[in-house]
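This report refers to the structure that appears directly beneath it.
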Amino acid sequence: MASLTSHAGFLRDKASAAASRVAPVELFFDLVFVFAVTQLSHTLVAKMTPQGAVETGILFLAVWWTWICTSWVTNWLDPDRWPVRMFLFAAMLGGLVLSAAIPDAFGKGALVFAAAHVIILIGRPLFMICALGEASPGNKRNFQRILAWASVSSTFWIAGALAEGNARLMLWCLALVLDYGPAWFGFRFPGLGTSSTADWDIDGHHLSERCALFVIIALGESLLMTGATAQKLPVSVGTLTAFVSAFLSTVTMWWLYFAIGAERATHHIAHSDDPGRLARAGYTYLHIVIVAGIIVAAVADELVLAHPAGHVATSYLLAIVGAPALFLLGNGAFKSLSAPNFPLSHMIGLGLLAAIAAAEYVMHLFSPLGLSIATTGVLIVAAMWEWRSLGGAAVPAASH
């Protein structure tokens, strides 16, 4: 590792025309998270209870932190250099162990899950400190702060793994606060000072494309779950209708994300005086809500395919309506970073979803399939509303 400190060549060449491209090794790294998203979806399907939802949420936040922080690292470092590639392969191995442990993370697999997360959590800033050397003193200092906070949160991840029941839940919640919170406050740490987002010299194009690719991973996993579930079921009108509704819902979410938000945000961040602040808000934090909505949508689609008729249980209602609500809320907030206001189309969609949820809760108007069709219709209305409000100009960019 010592040899890394003498080479500024590990940093991306910002002057190069190819500096913003996502390298093949980064796409390879993402394959682990296809597995992670699948594991999270199946875990939530198996635990459709408030406790199960909270546990899955904690695991999702740990997975997201692993992925997004590594994407920030490769925004600065050149993935075509062999030490950086070796780091990504090591992170892939850790991510694979982390993902494999998800179903039993609140059981016998707790220590495996926590250990994998902690190794990545501490290993990532250690590698960055060595790789940066004196080429970027400000960023090196920032990763020293990150390492300090990672060391603190790691104790709670391991302590939680060794605890049981609600104690584990509380300790891991505290660990997540220590993972996520410091980034919002500049990683301020006693004796190490505070970093400023103005010093985070990021490539907005690269980080935007990385997050767009993760959204595609989540959407693709949703389609995989729909197809795999449908394959096991006998062909019927209900199954076919649920299948089409799930497909249309996924396509519409893709449209709503890529039609204008992703491309406009890229341009806005690339030309901002403080791109680090916008990237932190838009990609590190707001994309959590977007991706969570897609994952819950995959769960809802599987539930509806398996049980299209009958009474809508509360868990089904929360999943079927909550998924598009999360997606519209996160996507709308993300778009508002590069626009004057929260999109009216998304506000209309959220209002319609609230009305549908209230009507079902009070009057029991829908079957699971009927509720799925209604919420898919809301997403289509939001997409068409946005398209019309932009004069039909909201066309997804071919580059994505």
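Results, tabulated for the structure shown:
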read-out	value
Hits in the stretch 206-220 - residues which are of a type outside the set (Gly, Ala, Ser) and crowded, with 18+ Cβ neighbours inside 10 Å	HIS206, LEU207, GLU209, ARG210, CYS211, PHE214, VAL215, ILE217, LEU219
Residue that is surrounded by the most Cβ atoms within 10 Å (Cβ to Cβ), among those in the stretch 361-382 that are at pLDDT below 95 and part of a helix (DSSP H, G or I)	TYR361
Sole residue being touching a residue at least 12 places away in the same chain (Cβ under 8 Å), among the basic types (Lys, Arg), out of contact with any Phe, Trp or Tyr (no Cβ under 8 Å at 6 or more places or on another chain) and assigned to a helix (DSSP H, G or I), chosen from ARG145, ARG141	ARG141
Matching option when the condition is of a type outside the set (Ser, Thr, Tyr), touching a Pro at 6+ places or on another chain (Cβ under 9 Å), surrounded by fewer than 23 Cβ atoms within 10 Å (Cβ to Cβ) and farther than 22 Å from TYR180 by Cβ, among ALA339, ALA309	ALA309
Pick from the stretch 185-202, criterion in a helix (DSSP H, G or I) and surrounded by 13 or more Cβ atoms within 10 Å (Cβ to Cβ), ranking: modelled with the highest pLDDT	THR197
Sole residue being surrounded by 16 or more Cβ atoms within 10 Å (Cβ to Cβ) and over 24 Å from TYR283 (Cβ atoms), chosen from ALA150, ALA167, ALA114, ALA131	ALA114
So ALA161, is it within 22 Å of the chain's Cα centre (by Cα), farther than 20 Å from ARG12 by Cα and either among the β-branched types (Val, Ile, Thr) or surrounded by 17 or more Cβ atoms within 10 Å (Cβ to Cβ) (or both)	no
Cross-chain or 6+ apart pairs with Cβ under 7 Å, the stretch 330-341 first and modelled with pLDDT of 85 or more, then surrounded by fewer than 18 Cβ atoms within 10 Å (Cβ to Cβ) and assigned to a loop (DSSP other than H, G, I, E, B)	GLY332/PHE342; ALA333/PHE342; SER336/PHE342
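The values are calculated or read from the model by the stated rules, or taken from the named source; none is laboratory data. Just so we're clear, the structure is a prediction, and the values are computed from it rather than from any experiment. When we count neighbours, we look across all protein chains shown, and the Cβ atoms used for this are built from the backbone with ideal geometry, even at glycine.
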